[in-house]
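The values are calculated or read from the model by the stated rules, or taken from the named source; none is laboratory data. Note that the structure is a prediction, hence the values are computed from the model and not measured. When we count neighbours, we look across all protein chains shown, and the Cβ atoms used for this are built from the backbone with ideal geometry, even at glycine. Surface accessibility is based on the protein's heavy atoms, side chains included, excluding ligands, DNA and RNA. Shrake-Rupley method; radii C 1.70, N 1.55, O 1.52, S 1.80 Å.
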Amino acid sequence: MATSRNLATVLFMFMALNIFVKSMSNPIEVEYGAGAWSNAHATFYGDMKGVGTMQGACGYGDLFKQGYGLETTALSYALFNNGATCGACYEIKCVNDPQWCYPQAGSITVTATNSCPPSATPPQWCNPPNQHFDLSMPMFVKLANYKAGIIPVQYRRVACVKKGGIEYELSGNPYNIEVLVFNVGGAGDVKSVSIKGSSGGWSSMNRDWGQRWVTKNQLVGQSLSFQVTTSDGKMVTEYNVVPAGWQFGQTYQGKINF
């Protein structure tokens, strides 16, 4: 009997070890949109054409040209995380307000492109620790009547679905090159960026603000490669995505996305 129990124990440990090894070689990926909903509130800013929602604290410019359009939101400081959350995508639905929530509205998906700054005077919806979304007006009216002004919502992170590859907009000067990284799929929010000129090795860039990244390396005249890592730890490496004859003010699109 003791021998049988020992053999059974050995077999069990072997099977457990086998499962562990397989799980390490094939890690389970988190599915965005499968998580629990969290409570927040939402308002809107700008008008139905998006006036007032362009540019903003994430460093983006013309949101139409950059592919974000009107499906955007500003985040309260509790969610904005000093710009680190720029580019993240959220699914949002209006809840618990039958007076204003449209009953068949379902949910909307928006990308974080701006911040909703705290206020010294009421109403202080965007002040810490409030979790708040200041939606573009076209997104708000998909959920509720604009006369509501503010509505209770539930939200969760979802994967960003973008068309084409990651895009890189170059600005600055030869001694301080700035790169706006946008049109990022997957997690959407970029955690780190590395750059490599054709004559050198990889170098980490520093976050200037939002999704604008800077390097003091002198790379004019070299083709540029990038490594982009999002908040979920996934990384895309693109070699020579920017040709050697690049100019400040130009935008280059890669062939890869998350």
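Expressed to the nearest 5 percent, the antiparallel share of DSSP beta bridges inside the chain is 85 percent.
Compute the FRET efficiency between SER198 and MET235 as 1/(1 + (r/R0)^6), taking r as their Cβ-Cβ distance and R0 = 22 Å, and round to the nearest 0.05. Intermediate values should be presented prior to the final figure.
On the way: r = 20 Å, r/R0 = 0.92.
With a Förster radius of 22 Å, E is 0.60.
Around the amide H of ASN145, modelled in the peptide plane, lie the amide H atoms of TYR102, all under 5 Å away and 5 or more residues distant in sequence or on another chain.
What pairs from LYS49/LYS196; LYS163/LYS196; LYS65/LYS93 go past 30 Å between their alpha carbons? Let's see the in-between values first.
Values: LYS49/LYS196 39 Å; LYS163/LYS196 25 Å; LYS65/LYS93 27 Å.
LYS49/LYS196, as the Cα separations exceed 30 Å there.
A cut-off of 5 Å between modelled amide H atoms, ignoring neighbours fewer than 5 places along the same chain, links ALA42 with PHE133, ILE151, VAL153. Count Lys and Arg as plus one, Asp and Glu as minus one, and take only other residues whose Cβ is under 15 Å from that of VAL141; the net charge is then 0.
With runs of 4+ DSSP H residues as the only contributors, calculate the mean residue ellipticity of the chain at 222 nm using -39,500 (n - 2.57) per run, divided by the residue total and rounded to the nearest 500. Please report the intermediate quantities before stating the final value.
Details: 3 runs with 35 residues, N = 258.
Rounded to the nearest 500, the figure is -4000 deg cm²/dmol.
Of all accessible surface on the chain at a 1.4 Å probe, what whole percent is carbon and sulfur? Could you put the intermediate results ahead of the total?
On the way: 7510 of 13630 Å².
With neighbouring chains kept in place, the figure for the chain is 55 percent.
Rounded to the nearest 20, the size of the Cβ-charge dipole of the chain about its Cα centre is 400 debye, with Lys and Arg at +1 and Asp and Glu at -1.
Listed values for segment 42-58 are Karplus-derived 3J(HN,Hα) couplings in whole Hz (6.51 cos²θ - 1.76 cosθ + 1.60, θ = phi - 60°), namely 9, 10, 9, 9, x, 10, 5, 9, x, 4, x, 9, 6, 6, x, 6, 8, and x replaces Gly and Pro.
Provide THR237, THR251, THR230 ordered by accessible surface of protein heavy atoms (probe 1.4 Å), highest first. Could you put the intermediate results ahead of the total?
Values: THR237 40, THR251 65, THR230 0 Å².
Ranking THR237, THR251, THR230 by accessible area, largest first, yields THR251, THR237, THR230.
Label-to-label distance for ASN96 and ALA36 is 1.4 nm, based on points extended 7 Å past Cα in the beta-carbon direction. Give the residue from VAL141, VAL51, GLY221 lying farthest towards the positive end of the charge dipole for the chain; charges sit on Cβ (+1 for Lys and Arg, -1 for Asp and Glu) and the dipole is referred to the Cα centre. Positive-most Cα among the choices belongs to GLY221.
With one equal scatterer per alpha carbon and no solvent term, the Debye-computed log10 I(q)/I(0) for the chain at 0.07, 0.11, 0.15 1/Å reads -0.33, -0.67, -1.03.
Distances between placed amide hydrogens fall under 5 Å for ALA88 paired with ALA112, ASP189, all partners being 5 or more residues away or on another chain. Can you send over the solvent-accessible area of TRP209, 1.4 Å probe, protein chains only, in Å² to the nearest 10? About 110 Å², rounded to the nearest 10. Averaged over its residues, segment 206-258 has an accessible area of 53 Å² per residue, based on protein heavy atoms and a 1.4 Å probe. The 1.4 Å probe gives accessible areas that order TYR168, TYR77, TYR252, largest first, as TYR77, TYR252, TYR168.
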